[in-house]
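Take a look at the structure below.
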């Protein structure tokens, strides 16, 4: 009985001491720290390690049993070898494609930068300019290609044709001027139902000639 009372007094004194330490922590140069509570993993560390070792040993034994099975072990080993070779070749092919794609991308960017720094020299012959006009201007599907005709003479592009909208008369002239090799544009396009500008001049000149002939001559 006396021993139990003494033990209780000792436990109570320890609690009072720890409460006093908590209240007077700044006065102690070396802090008296309570023992930290350990987590479940820390308390059961040995059991967890033994479980992991057992799981690894069981999986290793099962793998060896499957591979070295006297009945189907040979087939499984061949299948595993084929899968590993397939994965190896597939990885090599993928790495080769990625490397070639990267090299091509870098080479293309380098060529693009190199050509951007070089001065541009365009072939300004009339036939080449005509081909360039047909490939660049007639690329738009909305352009009325069937009713237009483009000729180039000494760098001068001559536009002929009848269109249904005055928009194309101005737009075609602007697009043709943007093509390299075209120095100036002679626009003879006109609306459907009207005469071309050069024909109007010819008609006016012809009418003026008939008027001059119809006038009486004075001697």
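Some notes on this structure:
- Any hit, segment 126-143, residues being assigned to a loop (DSSP other than H, G, I, E, B), surrounded by 10 or more Cβ atoms within 10 Å (Cβ to Cβ), assigned by TED's automatic domain parsing to the domain that holds residue 193 and more than 32 Å from the chain's Cα centre (by Cα): no
- Residue match in segment 136-143 (condition: farther than 19 Å from residue 185 by Cβ and at pLDDT below 90): yes
- Hey, residue 213 modelled with pLDDT under 60, in a helix (DSSP H, G or I) and either more than 60 Å from the chain's Cα centre (by Cα) or within 30 Å of residue 145 (Cα to Cα) (or both) or not: yes
Conditions (1) free of Cβ contacts under 8 Å to residues at least 24 places away in the same chain; (2) part of a helix (DSSP H, G or I); (3) within 40 Å of the chain's Cα centre (by Cα), marked per residue:
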residue	(1), (2), (3)
159	no, no, no
162	no, no, no
170	yes, yes, yes
175	no, yes, yes
180	no, no, yes
187	no, no, no
190	no, no, no
195	yes, no, no
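- Only a single criterion out of (1) outside any loop (DSSP other than H, G, I, E, B); (2) within 24 Å of residue 195 (Cβ to Cβ); (3) in contact (Cβ under 8 Å) with a residue 24 or more places away in the chain is not satisfied by residue 149, namely (3).
- Residue check, residue 64 modelled with pLDDT under 85, farther than 30 Å from residue 185 by Cα, within 36 Å of the chain's Cα centre (by Cα) and in a helix (DSSP H, G or I): no
The values are calculated or read from the model by the stated rules, or taken from the named source; none is laboratory data. Because the structure is predicted, anything quoted here is derived from the model rather than measured. Backbone-built Cβ (ideal geometry, glycine too); neighbour counts: all protein chains shown.
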